Amino acid sequence: MKFLKIIGLILLVVFVGIQFIPTNRNTSDYIPQSDFTEVFEVPENINTILQTSCYDCHSNNTNYPWYNKIQPLTWYLNDHIEKGKEELNFSEFGEYSSRRQSSKLRSISSQVEDGEMPLSSYTLVHWDAKLSAKEKEVFIAWMDSLAMELR
């Protein structure tokens with residue numbers, strides 16, 4: 001029993017200790033000219049979907065949840081955000097070639113249609129990010145029409 005208390009105390013000290021390890025935050029105070037919403041004329045309903053369901057992981061400005069300062073959750077979130085931005089970064093969308101933009105738009109449509117995006121692990125905590133059937137339909141149609149314009 002004494003052994004378990006020692007292990008528990010060590011784990012507690014490690015948990016408290018890792019809280020002091022600094023991390024970088026994915027936040028910015030301005031919207032760059034290369035941002036998706038600056039490059040294209042985005043209707044308000046589409047912009048709302050982008051902001052609530054996409055931008056936290058796919059832009060340079062994350063709206064962090066309350067638990068973002070608890071390690072090791074912070075490391076998980078930051079890794080998830082970095083991977084999301086590597087795949088698609090709406091803040092830098094205007095810097096992509098027209099061909100890449102069109103390809104990304106088709107990919108967005110496909111992943112939303114297949115229910116791959118937004119991730120279920122994200123919508124589990126961010127209920128407002130879950131898209132209704134009607135929102136999906138409108139969002140996909142708009143993305144597809146924009147992709148056709150870029151061809």
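At most 15 other Cβ atoms within 10 Å and a DSSP loop assignment: could you name the GluC sites (Glu not before Pro) in segment 78-127 that fit?
Within segment 78-127, the qualifying GluC sites (Glu not before Pro) (loop, at most 15 other Cβ atoms within 10 Å) are 116.
Roughly speaking, what is the stretch gain from residue 34 to residue 120, that is 0.36 nm per residue apart minus the C-alpha to C-alpha distance, in nm to one decimal?
28.1 nm
May I ask you to list the trypsin sites (Lys or Arg not before Pro) in segment 1-105 that are in a DSSP loop and have at most 15 other Cβ atoms within 10 Å of their Cβ?
25
Using only the alpha-carbon atoms of segment 45-151 as identical scatterers, what base-10 log of I(q)/I(0) does the Debye formula give at q = 0.21, 0.23 Å⁻¹?
Once normalised to I(0) and log-transformed, intensities are -1.19, -1.38.
With just the Cα atoms defining each centre, how far is segment 15-42 from segment 87-125? Give it in Å.
So the separation of the two Cα centres works out to 17 Å.
Within segment 1-93, list the chymotrypsin sites (Phe, Trp or Tyr not before Pro) lying in a DSSP loop whose Cβ has at most 13 other Cβ atoms in a 10 Å radius. Walk me through the numbers on the way to the answer.
On the way: sites: 3, 15, 20, 30, 36, 40, 55, 66, 67, 75, 76, 90, 93; in loops: 20, 30, 40, 55.
Qualifying residues, ordered by number: 20, 30.
Please work out how much length the chain gains when fully extended from residue 151 to residue 9, using 0.36 nm per residue of separation minus the C-alpha to C-alpha distance, in nm with one decimal.
So the extension gain works out to 45.0 nm.
Sum up the charges of everything whose Cβ sits under 14 Å from the Cβ of residue 135, counting Lys and Arg as +1 and Asp and Glu as -1, but leave residue 135 out.
Values: positive: 130, 134, 136; negative: 44, 113, 128, 137.
Neighbour charge sum, excluding residue 135 itself: -1.
Need one number: nm distance between label points at residue 141 and residue 25, each 7 Å from Cα along Cα→Cβ, rounded to one decimal.
Once both label points are built, they end up 3.9 nm from each other.
Lys and Arg at +1, Asp and Glu at -1: add these up for the other residues within a Cβ distance under 15 Å of residue 41 and post the number.
Details: positive: none; negative: 35, 38, 44, 149.
Residues close to residue 41 contribute a combined charge of -4.
Provide the FRET efficiency to the nearest 0.05 for the residue 134-residue 71 pair, computing r from the beta carbons and using R0 = 41 Å.
Rounded to the nearest 0.05, the efficiency is 0.55.
The numbers here are math on the coordinates, done by the rules we state, and not lab data. A quick note: this is a predicted structure, and the numbers were derived from the prediction, not measured. Glycine gets a Cβ as well: all are built from the backbone with ideal geometry, and neighbour counts include every protein chain shown.
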